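Each reported figure results from applying straightforward, stated rules to the coordinates on display, with no laboratory input. This is a predicted model, so every value here is computed, not measured. Here the Cβ positions follow ideal geometry from the backbone for every residue, glycine too, while neighbour counts run over all protein chains shown.
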Amino acid sequence: MPRSGRSGEHEDPAAVLAAVADLLAVLHARGQDGAAPAVSPSQLRALLAVEGAEGINLRALGDVLGSRPPSVTRLCDRLEAMGLLTRSPHPLRRREVELRLTPRGRALLDERRAIRLRELSAVLGRMAPGAVDALVAGLTAFREAAEVPSPVDGPPEDTGAAAGETPAPARLADGA
């Protein structure tokens with residue numbers, strides 16, 4: 001269906017993007033079964049969030065994941081038992097626990113990224129160079145638009161972004 005303000009007679013761009021997102025999820029999962037240790041999607045999201053905000057506490061991790069404290073604690077219990085995450089007391093606030101990736105946790109994320117890159121490169125290799133250039137340009141514009149807070153979100157919170165840092169949830173999207 002054509003959309004006003006858009007050239008060509010393409011499907012609804014949001015519907016196309018949703019279908020592509022589903023395909024990307026399939027490509028992302030392809031080959032992940034062979035990666036060790038096996039982690040669930042929620043465990044992977046937690047590892048990515050910790051990587052993006054090293055030293056994050058349990059409450060902040062729960063906010064990023066949209067999970068309640070007991071669930072986050074159990075999730076971290078499993079990740080710690082797998083040797084992917086460590087919990088330690090905050091140096092100044094003794095009641096707070098900091099979360100950090102272990103070298104094994106970092107290696108797992110690196111391996112997952114390498115698998116994803118290999119799968120995506122194979123698909124891009126089957127595309128015409130001009131189509132790849134157009135895709136990159138379109139995705140860059142999409143990412144820039146997604147990083148701008150929407151008016152309904154209100155003013156952005158002070159998360160360190162003013163100093164050039166990317167907030168943890170945005171980094172999560174980058175690493176997933």
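Figures for the structure shown
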item	result
FRET efficiency for residue 59 and residue 144, using Cβ-Cβ distance with R0 set to 35 Å, rounded to 0.05	0.70
P(r), alpha carbons of the stretch 64-105 - 5 Å bins starting at zero, rounded %	6, 22, 24, 27, 18, 3
For the stretch 123-148 and the stretch 64-114, distance of Cα centres in Å	33
Loop-located GluC sites (Glu not before Pro) in the stretch 48-84 whose Cβ has at most 12 other Cβ within 10 Å (DSSP)	54
Residue-count net charge about residue 121 - beta-carbon cut-off 14 Å; Lys, Arg +1, Asp, Glu -1	+4
Where labels lie 7 Å past Cα in the beta-carbon direction, separation of residue 93 and residue 16 in nm	4.6
Inter-probe distance in nm under a simple model that places probes 7 Å from Cα toward Cβ, at residue 104 and residue 126	3.7
Equivalent ellipsoid dimensions for the stretch 34-111 as semi-axes, Å, which come from the Cα gyration tensor, largest first	20, 14, 10
Net charge over other residues, Cβ less than 13 angstrom from the Cβ of residue 57 (K, R count +1; D, E count -1)	+2
